[in-house]
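Single-structure report; data block below.
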Amino acid sequence: MLDALDAAGLRGDGRLTALSSYENRVYQVQLEDGSAVVAKFYRPGRWSQAQILEEHAFSHELMAAEVPVIGPLLLAGATLHHFGGFAFSVSPRRGGRAPELDDAEVLEWIGRFLARIHSVGAARPFASRPALDLHSFGTESRDWLLANERVPLDVQSAWATVAQRALELVARHPCLACATGALEQGGVDSIRTLRLHGDCHPGNILWTPVDLPASVGPGPHFVDLDDARTGPAVQDMWMLLSGDRQQRQRQLGALVDGYEQFRDFDRRELALIEPLRTLRLIHYSAWLARRWDDPIFPINFPWFGSSDYWQGQVQMLEEQIEAMQDDPLVV
């Protein structure tokens, strides 16, 4: 890794700190000049070079619009580098803490920046990166798990049955065909899709308090656009909601209040929150199973694959079936 960085013109002093990342290998690197960077070595075969470069271009569009996104550095005229058969990028190191998502002011602040991300994202479509759709996140993940016998036999029938019921509800859900399928852009009844962060959970937002200095300024800054893809705007909101219905309602209201200071939000997308959560639930299990040959996964997810895990998944999918038939949140 130090040789790779040296080839890109960066001299490390030998100190490497592994950062939390399972899909790629990410390290904080101390440089000889006293500064630090973050180097990301991409998992081979996950994204094509065109898809990675499209993510980099999106992050640079956002930074040019003064949105606090941490994107890759331009080194020797390139953001993507190759060494020893691996692709990698280098980003500046930025500090911060998890945002206080029970604070309405914090949520409004995040909402304002999400609107600005989406305004840039709506300017043009992705050419190479995929969409968040029913097939890739739901049916294809379900089919792979069953075809590769990753669900234990004592739970397989129950899980397959409840997964099928859940996916049928996702497929029939109002507006979902527009949001996750072939979209007729500009149609009167269509929900617009755009370029998204795609994985906007609290761990991908670093918060710098107003009373602490930061080169990107106080407030939120967004990291890890590795899952950037096309989808409905609400995909970048729902993972920031937690707690009971009343708490989620209040959090969503604060997010949308901030969002609509810069961009209109289509209220029809609120009906997509539970279907999107269902797709992520199935996709997450398939992601873990597909990575199980990577030694880091059994170490960090020792509970995965047991009958107890899959019985828990059956229960969660049953809860999602109920949630998808309940009234959506409102703001």
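Report yes if TRP144 is in the same structural domain as PRO209 (by TED's automatic domain parsing), modelled with pLDDT of 95 or more and of a type outside the set (Lys, Arg), otherwise no.
Spelling it out, TRP144 is indeed in the same structural domain as PRO209 (by TED's automatic domain parsing), modelled with pLDDT of 95 or more and of a type outside the set (Lys, Arg).
What number of residues within region 237-274 are acidic (Asp, Glu), closer than 22 Å to ALA323 by Cα and without any contact (Cβ under 8 Å) to a residue 60 or more places away in the chain?
Final tally of qualifying residues: 2.
Among the residues of region 311-327, are any in a loop (DSSP other than H, G, I, E, B) and either closer than 16 Å to VAL151 by Cβ or over 20 Å from the mean Cα position of the chain (by Cα) (or both)?
So in region 311-327, the residues in a loop (DSSP other than H, G, I, E, B) come out as 326-327.
When the remaining residues are screened for being either closer than 16 Å to VAL151 by Cβ or over 20 Å from the mean Cα position of the chain (by Cα) (or both), the result is 326-327.
Yes, region 311-327 contains a residue that is in a loop (DSSP other than H, G, I, E, B) and either closer than 16 Å to VAL151 by Cβ or over 20 Å from the mean Cα position of the chain (by Cα) (or both).
Please verify whether ALA228 is in the same structural domain as PHE113 (by TED's automatic domain parsing), surrounded by 19 or more Cβ atoms within 10 Å (Cβ to Cβ), modelled with pLDDT of 95 or more and in contact with a His (Cβ under 7 Å, 6 or more places away or on another chain), treating the condition exactly as stated.
yes
Okay, residues lined up against (1) at negative phi; (2) part of a loop (DSSP other than H, G, I, E, B); (3) not acidic (Asp, Glu):
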{"site": "GLU55", "(1), (2), (3)": "yes, no, no"}
{"site": "GLU66", "(1), (2), (3)": "no, yes, no"}
{"site": "PHE88", "(1), (2), (3)": "yes, no, yes"}
{"site": "SER91", "(1), (2), (3)": "yes, no, yes"}
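Out of all the residues in region 273-285, is one or more in a loop (DSSP other than H, G, I, E, B) and surrounded by fewer than 20 Cβ atoms within 10 Å (Cβ to Cβ)? Spell out how you get there, then give the answer.
So in region 273-285, the residues in a loop (DSSP other than H, G, I, E, B) come out as none.
No, region 273-285 has no match at all.
Would you be able to say whether some residue in region 220-233 is in a helix (DSSP H, G or I) and in contact with a Pro (Cβ under 8 Å, 6 or more places away or on another chain)?
Narrowing region 220-233 to residues in a helix (DSSP H, G or I): 233.
Adding the requirement that they be in contact with a Pro (Cβ under 8 Å, 6 or more places away or on another chain) leaves none.
No: region 220-233 contains no residue that is in a helix (DSSP H, G or I) and in contact with a Pro (Cβ under 8 Å, 6 or more places away or on another chain).
Give region 97-153 a look and list any residue that's among the β-branched types (Val, Ile, Thr), farther than 29 Å from HIS56 by Cβ and not in a loop (DSSP other than H, G, I, E, B), or say none.
Here is the first cut: in region 97-153, the residues among the β-branched types (Val, Ile, Thr) are 106, 110, 117, 120, 139, 151.
Right, trim to farther than 29 Å from HIS56 by Cβ and you get 139, 151.
Listed by number, the list holds a single entry, THR139.
Being aromatic (Phe, Trp, Tyr) and assigned to a loop (DSSP other than H, G, I, E, B) is the filter here; which residues of region 1-48 pass it?
Residues satisfying the conditions are TYR22, TYR42, TRP47.
Only one residue in VAL330, VAL234, VAL223, VAL256 is modelled with pLDDT under 95 and surrounded by 17 or more Cβ atoms within 10 Å (Cβ to Cβ), so which one is that?
Numbers: VAL330 fails: surrounded by 17 or more Cβ atoms within 10 Å (Cβ to Cβ); VAL234 fails: modelled with pLDDT under 95; VAL256 fails: modelled with pLDDT under 95.
Answer to the check: VAL223.
The values are calculated or read from the model by the stated rules, or taken from the named source; none is laboratory data. This one's a predicted model, so the numbers in the text were calculated from it and none came from an experiment. Ideal geometry is used to build each Cβ from the backbone, glycine not excepted, and the neighbour counts take in all protein chains shown.
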